[in-house]
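Step one of this worksheet: look at the structure below.
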Amino acid sequence: MNITEFARIAGVSKAAVSRFFNDGYLSDEKYARIARAVEETGYAPSAQAQTLRTRRTRQVGVILPKLSGESTARVVEGISRVLDAQGYLLLLANTYNDPQREVRYLELFRENHVDGIIFLASIFTPAHEEVLQNIRIPLVIVGQEYPGAHCVYHDDYGAAYALTELLLARGCRRPAYIGVTIEDRAAGQARREGFVRALAAHDLSPNPNLMRVSKFRMDAGYAQMQLLLEKGLRPDGLLCATDNIAIGAMQCCREHGVRIPEDLLLAAIGDNDLGRVCATPLTSAHLHYHTSGEQAASTLLHLLHKDKGATGSTELPFEIIERTSTAPKN
């Protein structure tokens, strides 16, 4: 059945049928007629013909740092919930935290006619900046703030500052910090700055020997904590840039006889499931990853439909979830 025959069955014009299948404006009466005819006949336009006519594929490219991360999964769930409801398919690209792969996928999606891109970003190299400047389809960046782009990101600085304040309020005077590369402006630079500024507000200076840089993995957190202990450095508090790093550090402490919270108060950022069920449940800043995915998808839909509701940047708040790892010292 072609569109002419279907329009005659529905009792509307071909233009009305086209608007129905391409999200155009229709009166309630015509919409109901066409919907009823679709149900009765099972008619659907050719996807290929629709793409050629509208230049829309109803596909969105989503570029991820890794598939195994809990925070990534929560973001993708939020994206999927919003876009699935609007009939869009997601094309997931796993980059394994490789900046060169990120650039290649940005170029691939730019050249292969997806309707839009959602990019879960970590660092921005000159190659990133070059390809981002040349993307002409709707793009939303998640997890980082990037000048001139539509972004959804977290208050990483505020979360680190608040957790450091909590450690100090519990009596810590020699807190350590295990962070990640400052090339990552959010998880690396902003969280480190929040820790340092909170110390300064209490007339404390960070001890360079107690500031470590880790990968995002648990084993890396373990290794950095082990280095602190092997050097005889015994902080009375520890803030980690992520829950995974903190869980690795916690395991190292357990094996070296360092009790949490009796000997060391421990806090982190992310609030993942594993941190909640550790032998010593982990105090953490809850970041709204699922919400960030929903907001990114909603922003992309506004851009696709050229609505004025698309915001330039959205910063999401955090919540401090206190658990046993920062229980007050006796």
Within region 115-150, residues over 15 Å from residue 303 (Cβ atoms) and touching a residue at least 60 places away in the same chain (Cβ under 8 Å) come out as 122, 123, 124, 143, 145
Boolean, residue 265 is touching a Gly at 6+ places or on another chain (Cβ under 7 Å), open to solvent by less than 40 Å² (accessible area, probe 1.4 Å) and of a type outside the set (Asp, Glu): yes
Just one of the numbered conditions (1) assigned to a helix (DSSP H, G or I); (2) open to solvent by 40 Å² or more (accessible area, probe 1.4 Å) is not true of residue 25; which one? (1)
State whether one or more residues within region 320-328 are small (Gly, Ala, Ser), open to solvent by less than 70 Å² (accessible area, probe 1.4 Å), closer than 30 Å to residue 61 by Cα and touching a residue at least 60 places away in the same chain (Cβ under 8 Å). no
Is there any pair linking a residue in region 258-280 that is more than 19 Å from residue 188 (Cβ to Cβ) to one that is of a type in the set (Phe, Trp, Tyr) and open to solvent by less than 10 Å² (accessible area, probe 1.4 Å), with Cβ under 9 Å and at least six apart or on different chains, and which? none
Count of residues meeting criterion [buried (at least 19 other Cβ atoms within 10 Å of the Cβ) and in a strand (DSSP E or B)] in region 274-294: 4
Just checking, how many residues over region 1-22 are surrounded by fewer than 15 Cβ atoms within 10 Å (Cβ to Cβ), in a helix (DSSP H, G or I) and in contact with a Lys or Arg (Cβ under 8 Å, 6 or more places away or on another chain)? 1
Checking residue 102 against (1) touching a His at 6+ places or on another chain (Cβ under 9 Å); (2) under 21 Å from residue 303 (Cβ atoms); (3) touching a residue at least 40 places away in the same chain (Cβ under 8 Å), the condition it does not meet: (3)
Being modelled with pLDDT of 80 or more and either within 40 Å of the chain's Cα centre (by Cα) or of a type in the set (A, V, I, L, M, F, W, C) (or both) narrows it down to one of 55, 8, 19, so name that one. 19
Out of 144, 86, which single residue is over 19 Å from residue 188 (Cα atoms), in contact with a Lys or Arg (Cβ under 9 Å, 6 or more places away or on another chain) and among the polar types (S, T, N, Q)? 86
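The values are calculated or read from the model by the stated rules, or taken from the named source; none is laboratory data. Source: prediction; values computed, not measured. Quick reminder, even Gly has a Cβ in these numbers, built from the backbone with ideal geometry, and neighbours come from all protein chains shown. These accessible areas exclude ligands, DNA and RNA; they are computed on the full protein's heavy atoms, side chains included. Shrake-Rupley method; radii C 1.70, N 1.55, O 1.52, S 1.80 Å.
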